[in-house]
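Written below as C-alpha coordinates is the structure these notes are about.
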Amino acid sequence: MKIVAFGASTSQTSINKALATYTAQLVEDAEVQVLNLADYSVPIFSEQTEKDIGQAEGAKRFLADIASADALVISFAEHNGHYPAAYKNLFDWATRIDRKVYADKPAVYLATSPGPGGAKSVLGAATQSAGFFGGNIKASVSVANFYDVFDLETNTVKNEDIALQLKQAAAALTGK
Ligand SMILES: Cc1cc2nc3c(=O)[nH]c(=O)nc-3n(C[C@H](O)[C@H](O)[C@H](O)COP(=O)(O)O)c2cc1C
(Lines give C-alpha, C1' and ligand atoms only; values in the text may rest on other atoms or scores of the structure.)
Protein backbone atom coordinates (compact mmCIF):
# COMPACT_ATOMS: atom_id res chain seq x y z
CA MET A 1 0.00 0.00 0.00
CA LYS A 2 1.36 3.41 -0.93
CA ILE A 3 0.46 6.38 1.26
CA VAL A 4 0.99 9.90 -0.02
CA ALA A 5 1.26 12.33 2.91
CA PHE A 6 1.58 16.09 3.00
CA GLY A 7 1.02 19.16 5.10
CA ALA A 8 -1.14 21.66 3.22
CA SER A 9 1.53 24.30 3.73
CA THR A 10 4.62 25.45 1.88
CA SER A 11 6.52 26.20 5.09
CA GLN A 12 9.90 24.46 5.18
CA THR A 13 9.33 23.85 8.91
CA SER A 14 5.68 22.85 8.56
CA ILE A 15 4.26 21.26 11.71
CA ASN A 16 1.42 19.89 9.57
CA LYS A 17 3.92 18.10 7.35
CA ALA A 18 5.49 16.62 10.50
CA LEU A 19 2.09 15.46 11.76
CA ALA A 20 1.06 13.99 8.41
CA THR A 21 4.40 12.17 8.11
CA TYR A 22 4.17 10.77 11.64
CA THR A 23 0.61 9.52 11.10
CA ALA A 24 1.32 8.01 7.67
CA GLN A 25 4.22 6.08 9.18
CA LEU A 26 1.79 4.45 11.62
CA VAL A 27 0.07 2.64 8.76
CA GLU A 28 1.22 -0.97 8.83
CA ASP A 29 3.16 -2.33 5.86
CA ALA A 30 2.88 0.91 3.90
CA GLU A 31 5.32 2.71 1.66
CA VAL A 32 5.10 6.44 2.50
CA GLN A 33 5.83 9.27 0.07
CA VAL A 34 5.88 12.69 1.74
CA LEU A 35 5.22 15.61 -0.58
CA ASN A 36 6.90 18.96 -0.04
CA LEU A 37 4.35 21.44 -1.36
CA ALA A 38 7.05 24.02 -2.08
CA ASP A 39 8.00 21.68 -4.96
CA TYR A 40 4.70 22.42 -6.74
CA SER A 41 5.02 26.10 -7.41
CA VAL A 42 2.34 27.72 -9.54
CA PRO A 43 1.58 31.35 -10.41
CA ILE A 44 -1.24 33.16 -8.65
CA PHE A 45 -4.42 31.85 -10.30
CA SER A 46 -6.48 34.02 -12.57
CA GLU A 47 -8.56 33.05 -15.58
CA GLN A 48 -6.34 35.30 -17.68
CA THR A 49 -3.18 33.50 -16.53
CA GLU A 50 -4.90 30.21 -17.24
CA LYS A 51 -5.68 31.42 -20.78
CA ASP A 52 -2.05 32.44 -21.16
CA ILE A 53 -0.31 29.31 -19.82
CA GLY A 54 -2.98 26.60 -19.82
CA GLN A 55 -2.77 24.01 -17.04
CA ALA A 56 -0.10 24.79 -14.45
CA GLU A 57 2.75 22.25 -14.41
CA GLY A 58 2.91 22.22 -10.60
CA ALA A 59 -0.79 21.37 -10.35
CA LYS A 60 -0.41 18.57 -12.92
CA ARG A 61 2.44 17.04 -10.90
CA PHE A 62 0.47 17.43 -7.66
CA LEU A 63 -2.49 15.53 -9.14
CA ALA A 64 -0.19 12.87 -10.59
CA ASP A 65 1.42 12.28 -7.19
CA ILE A 66 -2.00 11.98 -5.56
CA ALA A 67 -3.06 9.56 -8.32
CA SER A 68 -0.06 7.35 -7.49
CA ALA A 69 -1.36 6.79 -3.94
CA ASP A 70 -3.57 4.07 -2.52
CA ALA A 71 -4.42 6.37 0.38
CA LEU A 72 -3.77 9.93 1.58
CA VAL A 73 -2.79 11.54 4.88
CA ILE A 74 -3.27 15.30 4.69
CA SER A 75 -2.73 17.79 7.52
CA PHE A 76 -4.24 21.21 6.94
CA ALA A 77 -2.45 24.33 8.14
CA GLU A 78 -4.66 27.26 9.16
CA HIS A 79 -4.05 30.88 8.26
CA ASN A 80 -6.71 33.22 9.61
CA GLY A 81 -9.23 30.42 9.77
CA HIS A 82 -8.68 29.17 6.21
CA TYR A 83 -6.22 27.35 3.97
CA PRO A 84 -2.85 29.10 3.60
CA ALA A 85 -2.97 31.13 0.40
CA ALA A 86 -0.26 29.04 -1.26
CA TYR A 87 -2.22 25.81 -0.74
CA LYS A 88 -5.53 27.34 -1.83
CA ASN A 89 -3.81 28.62 -4.96
CA LEU A 90 -2.32 25.21 -5.83
CA PHE A 91 -5.68 23.61 -5.06
CA ASP A 92 -7.54 26.06 -7.32
CA TRP A 93 -5.20 25.28 -10.22
CA ALA A 94 -5.65 21.56 -9.56
CA THR A 95 -9.47 21.83 -9.59
CA ARG A 96 -9.30 23.35 -13.08
CA ILE A 97 -7.73 20.09 -14.27
CA ASP A 98 -9.87 17.74 -12.16
CA ARG A 99 -12.31 18.92 -9.51
CA LYS A 100 -11.87 15.60 -7.69
CA VAL A 101 -8.42 16.62 -6.46
CA TYR A 102 -8.30 13.92 -3.77
CA ALA A 103 -9.41 11.31 -6.31
CA ASP A 104 -11.68 9.36 -3.90
CA LYS A 105 -8.60 7.84 -2.24
CA PRO A 106 -9.23 6.74 1.36
CA ALA A 107 -7.96 9.68 3.37
CA VAL A 108 -7.13 10.84 6.88
CA TYR A 109 -7.64 14.56 7.36
CA LEU A 110 -5.61 16.15 10.15
CA ALA A 111 -4.94 19.71 11.26
CA THR A 112 -2.66 21.23 13.83
CA SER A 113 -1.54 24.59 15.12
CA PRO A 114 0.61 25.82 18.01
CA GLY A 115 -2.45 27.30 19.75
CA PRO A 116 -5.49 25.87 21.51
CA GLY A 117 -7.70 25.98 18.40
CA GLY A 118 -5.86 23.13 16.68
CA ALA A 119 -6.71 24.55 13.23
CA LYS A 120 -10.25 23.23 13.71
CA SER A 121 -11.72 25.89 11.47
CA VAL A 122 -9.79 24.86 8.36
CA LEU A 123 -10.31 21.19 9.20
CA GLY A 124 -14.05 21.87 9.30
CA ALA A 125 -13.92 23.60 5.92
CA ALA A 126 -11.94 20.72 4.43
CA THR A 127 -14.20 18.01 5.81
CA GLN A 128 -17.43 19.81 4.91
CA SER A 129 -16.37 20.34 1.31
CA ALA A 130 -14.70 16.94 0.86
CA GLY A 131 -17.55 15.53 -1.22
CA PHE A 132 -16.99 18.11 -3.95
CA PHE A 133 -13.31 17.34 -4.27
CA GLY A 134 -13.09 13.55 -4.16
CA GLY A 135 -12.32 13.50 -0.44
CA ASN A 136 -13.05 10.03 0.94
CA ILE A 137 -12.48 10.67 4.65
CA LYS A 138 -11.93 7.66 6.89
CA ALA A 139 -10.93 9.65 9.99
CA SER A 140 -10.14 13.21 11.01
CA VAL A 141 -8.21 14.58 14.01
CA SER A 142 -7.39 18.10 15.14
CA VAL A 143 -4.26 18.45 17.30
CA ALA A 144 -4.16 21.59 19.45
CA ASN A 145 -1.02 22.98 21.12
CA PHE A 146 1.28 21.14 18.72
CA TYR A 147 4.54 21.86 20.52
CA ASP A 148 3.16 20.54 23.83
CA VAL A 149 1.93 17.36 22.16
CA PHE A 150 4.64 16.51 19.65
CA ASP A 151 8.38 16.10 20.22
CA LEU A 152 9.98 17.06 16.90
CA GLU A 153 13.43 15.83 17.95
CA THR A 154 12.31 12.29 18.65
CA ASN A 155 9.31 12.34 16.29
CA THR A 156 7.01 11.11 19.05
CA VAL A 157 3.64 12.14 20.45
CA LYS A 158 3.76 12.92 24.15
CA ASN A 159 -0.01 13.00 24.75
CA GLU A 160 -1.45 9.49 25.07
CA ASP A 161 -4.96 10.42 23.98
CA ILE A 162 -3.71 12.11 20.80
CA ALA A 163 -1.32 9.22 20.12
CA LEU A 164 -4.28 6.84 20.29
CA GLN A 165 -6.46 9.02 18.04
CA LEU A 166 -3.69 9.16 15.42
CA LYS A 167 -3.11 5.40 15.64
CA GLN A 168 -6.82 4.76 15.15
CA ALA A 169 -6.92 7.19 12.24
CA ALA A 170 -4.01 5.40 10.56
CA ALA A 171 -5.70 2.04 11.12
CA ALA A 172 -8.89 3.36 9.52
CA LEU A 173 -7.00 3.59 6.21
CA THR A 174 -6.43 -0.14 6.08
CA GLY A 175 -9.56 -1.28 7.88
CA LYS A 176 -7.31 -3.02 10.47
C1 LIG B 1 -0.78 34.58 8.53
C2 LIG B 1 -0.98 33.57 9.61
C3 LIG B 1 -2.25 33.33 10.08
C4 LIG B 1 -2.47 32.36 11.06
N5 LIG B 1 -3.74 32.10 11.47
C6 LIG B 1 -3.98 31.08 12.32
C7 LIG B 1 -5.31 30.69 12.63
O8 LIG B 1 -6.28 31.25 12.14
N9 LIG B 1 -5.51 29.65 13.47
C10 LIG B 1 -4.45 28.95 14.01
O11 LIG B 1 -4.69 28.01 14.74
N12 LIG B 1 -3.17 29.28 13.72
C13 LIG B 1 -2.91 30.33 12.89
N14 LIG B 1 -1.62 30.66 12.55
C15 LIG B 1 -0.52 29.92 13.15
C16 LIG B 1 -0.25 28.66 12.35
O17 LIG B 1 -1.10 27.63 12.85
C18 LIG B 1 1.22 28.26 12.49
O19 LIG B 1 2.02 29.22 11.81
C20 LIG B 1 1.49 26.87 11.95
O21 LIG B 1 2.87 26.58 12.14
C22 LIG B 1 1.10 26.74 10.49
O23 LIG B 1 1.25 25.41 10.07
P24 LIG B 1 2.52 24.93 9.24
O25 LIG B 1 3.71 25.01 10.19
O26 LIG B 1 2.19 23.51 8.90
O27 LIG B 1 2.68 25.83 8.07
C28 LIG B 1 -1.37 31.63 11.58
C29 LIG B 1 -0.09 31.88 11.09
C30 LIG B 1 0.12 32.83 10.11
C31 LIG B 1 1.51 33.05 9.59
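The values are calculated or read from the model by the stated rules, or taken from the named source; none is laboratory data. This one's a predicted model, so the numbers in the text were calculated from it and none came from an experiment. So basically every Cβ, Gly included, is an ideal-geometry build from the backbone, and we count neighbours across all protein chains shown. Just the protein is used for accessible areas: all its heavy atoms, side chains included, with ligands, DNA and RNA removed. Shrake-Rupley method; radii C 1.70, N 1.55, O 1.52, S 1.80 Å.
Just to confirm a number: summing +1 for Lys and Arg and -1 for Asp and Glu over residues other than Asp161 whose beta-carbon lies under 13 angstrom from that of Asp161, what do you get? Working shown, then result.
Values: positive: Lys158, Lys167; negative: Asp148, Glu160.
Summing Lys/Arg as +1 and Asp/Glu as -1 gives 0.
Computed with a 1.4 Å probe over protein heavy atoms only, the accessible surface of the chain comes to 48 Å² per residue. Per-residue Karplus couplings for the range 33-39, computed as 6.51 cos²θ - 1.76 cosθ + 1.60 with θ equal to phi - 60°, are listed in order as 10, 9, 8, 9, 5, 5, 7 Hz, Gly and Pro entered as x.
Applying the Karplus relation 6.51 cos²θ - 1.76 cosθ + 1.60 with θ = phi - 60° to the range 97-103 yields 3J(HN,Hα) values of 8, 7, 4, 7, 4, 8, 6 Hz, where x marks Gly and Pro. Taking the chain as a Gaussian network of alpha-carbon nodes connected by springs under 10 Å, the highest mean-square fluctuation of the residues Phe45, Phe62, Phe133 belongs to Phe45.
Highest mean first, how do 139-145, 155-161 rank when packing is the count of other Cβ atoms within 10 Å averaged over residues?
Working: 139-145: 20.1, 155-161: 12.4.
Highest mean packing first, the order is 139-145, 155-161.
For the range 147-156, the Karplus equation 6.51 cos²θ - 1.76 cosθ + 1.60, evaluated at θ = phi - 60°, returns couplings of 6, 7, 9, 10, 9, 5, 5, 9, 6, 10 Hz by residue, with Gly and Pro reported as x. If only the Cβ of Lys and Arg carry +1 and only the Cβ of Asp and Glu carry -1, the dipole of the range 2-172 around its Cα centre is close to 360 debye.
In this structure the amide hydrogen of Gly117, modeled in the peptide plane, comes within under 5 Å of the amide hydrogens of Asn145, none closer than 5 places in sequence on its chain.
Filter the cross-link list Lys105/Lys138; Lys138/Lys158; Lys88/Lys167; Lys88/Lys138 down to pairs whose alpha-carbon distance in this structure exceeds 20 Å. Walk me through the numbers on the way to the answer.
On the way: Lys105/Lys138 10 Å; Lys138/Lys158 24 Å; Lys88/Lys167 28 Å; Lys88/Lys138 22 Å.
The pairs that break the limit, which is 20 Å between Cα atoms, are Lys138/Lys158; Lys88/Lys167; Lys88/Lys138.
For Leu110, the residues whose modelled amide H falls within less than 5 Å of its own, excluding neighbours fewer than 5 places apart on the same chain, are Ile74, Ser75, Phe76, Val141.
Taking a point 7 Å out from the Cα of Asn80 in the direction of its Cβ, the residues of the range 1-22 whose backbone N falls within less than 18 Å of it are 9-11.
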